[in-house]
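Down below is the structure, laid out as structure tokens.
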């Protein structure tokens, strides 16, 4: 448990540093990275990719829009649905950068052998699944 709390704390701390250094938090950066690979994604699509409820993204998307990093437009097929894309400034920020959480994770995972990486991935997926379950 201490290791998991350390991991959660490390992600939170890195997110705060990213906000002061890059102008975006870890979750905001993740939205930017996803939109860089899936332009025109809906809030629901983003939420599923991030494993969060769509309402969780409302503030994140609003802040990214107000900073001119993300723009929205209505879906031609469903006027109730908004689709999000990166602006030029957002695409610039999408480029991989030092000091991000994913750069730290990439470096750490790069030190693992292939079989260790598979085991680590499986263990983390099992913990995430168990934490997401409704205990009865």
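The values are calculated or read from the model by the stated rules, or taken from the named source; none is laboratory data. Predicted model only: the values in this text are computed from it and were never measured. In this analysis, Cβ positions are derived from the backbone assuming ideal geometry, glycine residues included, and neighbour counts consider all displayed protein chains.
If the condition is being at pLDDT below 95 and closer than 17 Å to residue 23 by Cβ, then the range 39-90 contributes only 59.
Residue 112 falls short on exactly one of the conditions (1) in contact with a helix residue (DSSP H, G or I) (Cβ under 8 Å, 6 or more places away or on another chain); (2) part of a helix (DSSP H, G or I); (3) closer than 21 Å to residue 127 by Cα, and that condition is (2).
Residue by residue, here is whether (1) part of a loop (DSSP other than H, G, I, E, B); (2) in contact with a strand residue (DSSP E or B) (Cβ under 8 Å, 6 or more places away or on another chain) holds:
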{"position": "58", "(1), (2)": "no, no"}
{"position": "68", "(1), (2)": "yes, no"}
{"position": "71", "(1), (2)": "no, yes"}
{"position": "91", "(1), (2)": "no, no"}
{"position": "96", "(1), (2)": "yes, no"}
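Does residue 29 fit the bill of being modelled with pLDDT of 95 or more, within 25 Å of residue 125 (Cβ to Cβ) and out of contact with any helix residue (DSSP H, G or I) (no Cβ under 8 Å at 6 or more places or on another chain)?
Values: modelled with pLDDT of 95 or more: yes; within 25 Å of residue 125 (Cβ to Cβ): yes; out of contact with any helix residue (DSSP H, G or I) (no Cβ under 8 Å at 6 or more places or on another chain): no.
No.
Based on what the data block shows, is residue 16 in contact with a helix residue (DSSP H, G or I) (Cβ under 9 Å, 6 or more places away or on another chain), more than 22 Å from residue 126 (Cα to Cα) and in a strand (DSSP E or B)? Considered against the rule, which asks whether it is in contact with a helix residue (DSSP H, G or I) (Cβ under 9 Å, 6 or more places away or on another chain), more than 22 Å from residue 126 (Cα to Cα) and in a strand (DSSP E or B), residue 16 comes out as no.
For the condition within 14 Å of the chain's Cα centre (by Cα), surrounded by 12 or more Cβ atoms within 10 Å (Cβ to Cβ) and outside any helix (DSSP H, G or I), residue 31 does not qualify.
Of all residues in the range 84-115, those that are within 17 Å of the chain's Cα centre (by Cα) and either surrounded by fewer than 10 Cβ atoms within 10 Å (Cβ to Cβ) or touching a residue at least 24 places away in the same chain (Cβ under 8 Å) (or both) total 16. When residue 78 is tested against (1) touching a helix residue (DSSP H, G or I) at 6+ places or on another chain (Cβ under 9 Å); (2) free of Cβ contacts under 8 Å to residues at least 40 places away in the same chain, just one condition goes unmet, and that condition is (1). Across the range 57-66, what is the total count of residues that are in contact with a helix residue (DSSP H, G or I) (Cβ under 8 Å, 6 or more places away or on another chain) and surrounded by 14 or more Cβ atoms within 10 Å (Cβ to Cβ)? Total satisfying the criteria: 5.
May I ask you to list the residues in the range 116-136 that are touching a residue at least 40 places away in the same chain (Cβ under 8 Å) and either surrounded by 10 or more Cβ atoms within 10 Å (Cβ to Cβ) or in contact with a helix residue (DSSP H, G or I) (Cβ under 9 Å, 6 or more places away or on another chain) (or both)? Before the answer, list the steps.
Residues of the range 116-136 touching a residue at least 40 places away in the same chain (Cβ under 8 Å): 127-128, 132.
Result: 127, 128.
Pairs are defined by a Cβ separation below 6 Å, a sequence spacing of at least 6 or placement on different chains, a first member in the range 11-26 that is in contact (Cβ under 8 Å) with a residue 40 or more places away in the chain and at positive phi, and a second member that is part of a helix (DSSP H, G or I) and exposed (fewer than 13 other Cβ atoms within 10 Å of the Cβ); no pair meets this definition.
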